[in-house]
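Everything on this sheet refers to the single structure shown next.
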Amino acid sequence: MGICIDRVISIEVADEKIVKRMSGRRVCADCGASYHVEYKKPEVEGVCNSCKGALVQRKDDAPETVLDRLKVYHEQTEPLKDYYSKTGKLRLVEGQEEVSDTTKLTFKALES
């Protein structure tokens with residue numbers, strides 16, 4: 001394809017944290033607004049701030065679905081980390097609670 005990959009970033013987050021983060025997501029069934037049971041709570045539990053619609057958990061965010069997706073990642077995708085590590089291109093970034101903090105660490109990893 002003519003593309004030269006000079007860096008590969010792996011944002012590392014423990015599976016338990018991924019399950020907690022993803023399974024805590026809720027969306028409004030009416031307008032699609034996003035919430036989280038810990039990080040972005042609605043004013044009234046289970047009710048959208050914008051349109052007063054019901055907040056639901058998407059099937060993709062159910063803990064068992066997240067665990068299944070992580071299993072596939074570990075089996076099929078994670079082995080690529082070994083390949084890129086051997087080429088010296090892999091950079092590991094510890095995923096942070098705040099996206100902006102992870103972004104800063106990612107840019108720092110790209111510099112090295």
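The values are calculated or read from the model by the stated rules, or taken from the named source; none is laboratory data. Quantities reported herein were computed from a predicted structural model and do not represent experimental measurements. Neighbour counts run over all protein chains shown; Cβ positions are idealised from the backbone, glycine included. Ligands, DNA and RNA are excluded from the accessible area calculation, which covers all protein heavy atoms including side chains. Shrake-Rupley method; radii C 1.70, N 1.55, O 1.52, S 1.80 Å.
Ignoring ligands, DNA and RNA, please state the percent of accessible area on the chain from carbon and sulfur, probe 1.4 Å. Here carbon and sulfur together make up 54 percent of the probe-accessible area. Dipole orientation for the chain: of the candidates Ile3, Tyr39, Thr103, Ile3 has the Cα lying most toward the positive pole (charges on Cβ; Lys, Arg +1; Asp, Glu -1).
Working note: Karplus 6.51/-1.76/1.60 with θ = phi - 60° gives the range 80-87 the couplings 5, 4, 4, 4, 6, 5, 5, 8 Hz, where Gly and Pro are set to x.
Can you tell me the convex hull volume per residue for the chain, based on C-alpha atoms, in Å³ to the nearest whole number?
Values: hull volume 16.5 nm³, N = 112.
It is 147 Å³ per residue.
Take every Cα-Cα pair in the range 25-83 and report what % of them are more than 16 Å apart. Counting pairs separated by more than 16 Å, the tail of P(r) holds 53 percent. So between Glu12 and Leu80, what do we pick up on full extension, going 0.36 nm a residue minus the alpha carbon distance? Value of the extension gain: 23.1 nm.
Give a residue-ordered list of calculated ³J(HN,Hα) values for the range 65-72 (Karplus: 6.51 cos²θ - 1.76 cosθ + 1.60, θ = phi - 60°; whole Hz; x for Gly, Pro). Using θ = phi - 60°, the values come out as 5, 4, 5, 4, 5, 5, 4, 4 Hz.
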